[in-house]
Amino acid sequence: MTSKTGKEAAHLPAWYVIWRMVRYRPRLWTINLLGMMVLIAFWQLPGVVMREFFDLITGEEPAGLGIWTIVALLFASQAGRTLGMVGLIKTNVPFFNHTMCLLRKNLLKHILRRPGASALPDSPGEAISRFRGDVFEISLFALWLNDIQGMIAFGAVAVILMLGISPTITSLAVLPFVLVGILSNAATKRIERYRRASRKATGIVTGFIGEFFGAVQAIKVATAEGGVIARFNELNDERRKLSLQDRLFNEVLHSIFRNAVNLGTGVILVLAGQAMQGGTFTVGDFSLFVFCLEGISELTTFGGLLVARYKQIGVSVERMDRLMEGASPEALVEFSPVYMDGRFPSVTYPVKTDADRLHSLDVEGLAYRYPGTDNGIEGIDLHLDRGTLTVVTGRVASGKTTLLRALLGLLPVDAGEIRWNGDLVVDPGTFFVAPRSAYTAQVPRLFSDSLRDNILMGLDADEGTITRAIHLAVMERDLGELEDGLATVVGPKGVKLSGGQIQRTSAARMFVREPELLVFDDLSSALDVETERTLWERVFEQEGITCLAVSHRKVALRRAD
């Protein structure tokens, strides 16, 4: 493991991440390697057989095999290669899927462990590109290790066969491949630089597309369609240039690698002619040399590609580590089950116990400052008794939302203590969840799914509980007006619903969990006065309901304890 100081956190070396993926599914990887070795072994057999064939038909050297033996060996070679391919196909996809799923699971797990209101270190588009492209590169490279091992085995046998025929011609024919290997190693720094720039530009474009679709209404209201499209074209053009630069440089290297075989073949043609005249080199020897050079060419080409990709994987690991900001380096490759056959583990939700019952909530000296600014809260003291409504009010940007987020662990507090029934809350982020607490943000988030699923969010609740939650949220009339009732798909961010319906859907999401503490951030900002009054009346008809709310509305202020 590497270690860095200053602003850069330590991250795992690329080789370790690849090795951990091999260790995660060693059986699949080993069978894949065996399949590759079988494929390579039987792939090499035709070269030796063709040497015997040409020597047999030219009569230049006594052939060790008869014609029917040669035909039988060619059929055996094809059968062996088919067997090897079956082994590769049977293991490639499962290994790919399992390792990519593990990496994505670890990424997502530690992103979700971040304080909920803390922004990701980079744009959503950057995050998506890491879940997609960077994860793919690592799993692919782990399988490519088997490919390169098979090609090295082919190359070693090929060189031994060629040396047995003519050491001089072999040395001169292989020389171009050695020079290409040196060139490949020298180009790795530039490969890394081009890949980093290309990936970053792709992430920026992906993020812009996401923001564009999420703000269609604002763009249309501002009649900014032309400017947005122009900006998209500008970003995409930059991505195109950087991606082309990255791809072009790789293709130039590959071209150099592949042309090395032509140089090697040219050397053989020049030297073999003289050797044939002297009777020391046969037509069969020539065919074997050309066949072996093709394999060595593949080894050189693929070896150069592997060196380039390894540098690019270093960039991928660094990018993923940044996305998991705050997690230990080992967290990326931590082993845990993945479920690929559709049999998923059952999700259990905590059942409310007497220990979850709220009697009092006390906050002392709560403080949080946004990094690099003087904005935030400081020295907040708060006391809530069971069955009361406490309202936080004040001017815009005075810290009302920050107070709620810091209390609930959605922001990492700088100072202060929180006590639930007198007991210290060590980790607010994991403590203030259902059935102890539920929260509706200032801008609620709905998903493009049914109204039912947006309320339940995976919770297994009976119809009576759902009906009660809808009643508390004053949604029964709206439900009758929706085309499919609870089955109505609300669209991206709840676009099919009004602002008030979105807020009350989020409130119903809280009520269906029957928490001890309800936390509202300006819940009623999009509600009319009568609906808001009805909502508060219904909430406090319930025994023991405790509320903490940000609001400036008179209905809430008049009810506040």
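Numbers at a glance
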{"item": "Listed candidates (i) 26.3; (ii) 23.9; (iii) 29.2 - label of the one calculated as Kirkwood radius over Cα pairs in Å", "result": "(iii)"}
{"item": "Dipole moment magnitude, nearest 20 debye, the stretch 354-559 about Cα centre, only Lys, Arg, Asp, Glu C-beta charged", "result": "600 debye"}
{"item": "Nearest-ten-degree value, helix 463-472 long axis tilted from longest Cα axis of the chain", "result": "60 degrees"}
{"item": "Cut-off under 5 Å, modelled amide H: who pairs with SER437 long-range", "result": "GLU516, LEU517"}
{"item": "For the stretch 354-559, alpha-carbon Rg and Dmax in angstrom", "result": "17.0, 50"}
{"item": "Estimated 222 nm signal from helices in the chain, with DSSP H stretches of n ≥ 4 weighted -39500 (n - 2.57), rounded to 500", "result": "-20500 deg cm²/dmol"}
{"item": "Note, ³J(HN,Hα) from phi for the stretch 552-559, Karplus 6.51, -1.76, 1.60, rounded to Hz, x at Gly and Pro", "result": "10, 7, 5, 4, 6, 5, 5, 7"}
{"item": "Using alpha-carbon coordinates, inclination of helix 283-323 to the longest axis of the chain, degrees", "result": "20 degrees"}
{"item": "5 angstrom amide H check on THR488, placed H, neighbours 5+ away", "result": "LEU451, ARG452"}
{"item": "Placed amide H near SER360: partners under 5 Å, 5+ positions off or other chain", "result": "ASN421"}
{"item": "Net charge over other residues, Cβ less than 11 angstrom from the Cβ of GLY399 (K, R count +1; D, E count -1)", "result": "+3"}
{"item": "GluC sites (Glu not before Pro), loop per DSSP, at most 10 other Cβ atoms within 10 Å - longest free stretch of the chain", "result": "1-482"}
{"item": "3J(HN,Hα) from dihedral phi, the stretch 342-348, Karplus parametrisation 6.51/-1.76/1.60, rounded to Hz, x for glycine, proline", "result": "x, 8, 8, x, 6, 8, 10"}
{"item": "Bridge type composition, the chain - antiparallel percent by DSSP, nearest 5", "result": "55 percent"}
{"item": "Chymotrypsin sites (Phe, Trp or Tyr not before Pro), loop per DSSP, at most 16 other Cβ atoms within 10 Å - longest free stretch of the chain", "result": "1-334"}
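Bear in mind that the values in this text are calculations on the coordinates, not laboratory data. Quick caveat, the model's predicted, so the values are computed rather than measured. Backbone-built Cβ (ideal geometry, glycine too); neighbour counts: all protein chains shown.
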